[in-house]
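Heads up, the thing below is written out as structure tokens.
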Amino acid sequence: GAVVSQHPSWVICKSGTSVKIECRSLDFQATTMFWYRQFPKQSLMLMATSNEGSKATYEQGVEKDKFLINHASLTLSTLTVTSAHPEDSSFYICSASRGVAYNEQFFGPGTRLTVL
Amino acid sequence: AQKVTQAQTEISVVEKEDVTLDCVYETRDTTYYLFWYKQPPSGELVFLIRRNSFDEQNEISGRYSWNFQKSTSSFNFTITASQVVDSAVYFCALSGWVGNDMRFGAGTRLTVKP
């Protein structure tokens, strides 16, 4: 149990286009979902936290107008990178938690975004 | 503020050697969780262990063992008799009791040579 999927697993796009990444909890309801970004050979950095039905909370330095997060249901959150540029190329990882006594995070497999 | 320090950026060992990955953390919370994750070249994080701040017992799981020392704010990870398949980046992480604020260390890249 507690499986999280991401789609697509990799995407290549042209500069200026928008890219949507989906994060799904397959066998549980996720009250909270998290989005992380990982640049090559670096650590995971939390971008934002979202609760179902409410606006996401962004970490300092993350542009909310550039990284749109929608947590429309208890099993799906989407991250849209708007007007992507080469510097947005990164590995994006989502995680989901069930909201029980301890909000253990279950991680998705990640999405590798390359912006040309 | 929470902080996790993994001072070893890269470690290279020969197969069958034992290797210890260091993790030092900082937190003002009295209750918290510590984690280790493995990230192989595929990129997917593999959960290894979660330890709460109340439990300082060391843990052993096969070739893996963890040493939690609250007095020194350390949570070190030892692989005994390393294998080539252990080659990966290993992350130590810290979260508060609720778990919504997980912070990762910079990671240690372990290379095990045959």
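Could you check the range A:38-81 and list, in sequence order, the residues that are closer than 24 Å to B:Ala93 by Cβ, among the hydrophobic types (A, V, I, L, M, F, W, C) and buried (at least 18 other Cβ atoms within 10 Å of the Cβ)? A:Leu44, A:Leu46, A:Met47, A:Ala48, A:Ala56, A:Phe67, A:Ile69, A:Leu79 - these are the residues of the range A:38-81 that are closer than 24 Å to B:Ala93 by Cβ, among the hydrophobic types (A, V, I, L, M, F, W, C) and buried (at least 18 other Cβ atoms within 10 Å of the Cβ). Looking only at residues of the range B:95-109 that are at pLDDT 95 or above and part of a strand (DSSP E or B), we find that the one that is nearest to the other protein chains (Cβ to nearest Cβ) is B:Phe104.
Of all the listed residues (B:Val84, B:Val89, B:Val112), the sole one being farther than 20 Å from B:Thr27 by Cβ, facing chain A (nearest Cβ under 10 Å) and at pLDDT 95 or above is B:Val89.
The residues of the range A:88-116 that are at pLDDT 95 or above and among the charged types (D, E, K, R), listed by number, are A:Asp88, A:Arg112. Checked against (1) touching a residue at least 24 places away in the same chain (Cβ under 8 Å); (2) more than 14 Å from chain B (Cβ to nearest Cβ); (3) among the charged types (D, E, K, R), A:Arg98 passes all but a single condition, namely (2). Residues in the range B:23-44 that are in a strand (DSSP E or B) and of a type outside the set (Ser, Thr, Tyr): B:Val24, B:Glu26, B:Leu34, B:Phe35, B:Trp36, B:Lys38, B:Gln39.
Taking the listed residues B:Phe68, B:Phe75, B:Phe47, B:Phe54, the one that is assigned to a strand (DSSP E or B), surrounded by fewer than 17 Cβ atoms within 10 Å (Cβ to Cβ) and free of Cβ contacts under 8 Å to residues at least 60 places away in the same chain is B:Phe47, with no other qualifying.
In the set A:Ala30, A:Ala84, only one residue is crowded, with 20+ Cβ neighbours inside 10 Å, in a loop (DSSP other than H, G, I, E, B), more than 14 Å from chain B (Cβ to nearest Cβ) and over 13 Å from the mean Cα position of the chain (by Cα); that residue is A:Ala84.
Of the residues making up the range B:1-44, those that are of a type in the set (Ser, Thr, Tyr), over 22 Å from A:Pro40 (Cβ atoms) and surrounded by 13 or more Cβ atoms within 10 Å (Cβ to Cβ) number 5. Test A:Thr78 against the criterion of being more than 13 Å from the chain's Cα centre (by Cα), touching a residue at least 24 places away in the same chain (Cβ under 8 Å) and closer than 20 Å to A:Gln6 by Cα, and give yes or no. Considered against the rule, which asks whether it is more than 13 Å from the chain's Cα centre (by Cα), touching a residue at least 24 places away in the same chain (Cβ under 8 Å) and closer than 20 Å to A:Gln6 by Cα, A:Thr78 comes out as no. Here A:Lys20 passes the criteria (1) basic (Lys, Arg); (2) within 12 Å of another protein chain (Cβ to nearest Cβ); (3) in contact (Cβ under 8 Å) with a residue 40 or more places away in the chain except the one numbered (2). Of all residues in the range A:87-116, those satisfying the criterion of being aliphatic (A, V, I, L, M) and either out of contact with any strand residue (DSSP E or B) (no Cβ under 8 Å at 6 or more places or on another chain) or in a loop (DSSP other than H, G, I, E, B) (or both) are A:Val100, A:Ala101, A:Leu116.
The values are calculated or read from the model by the stated rules, or taken from the named source; none is laboratory data. Here the structure is a predicted model, which means the values were calculated and not measured. Heads up, the Cβs are rebuilt from the backbone with ideal geometry, glycines too, and the neighbour counts pull from every protein chain shown.
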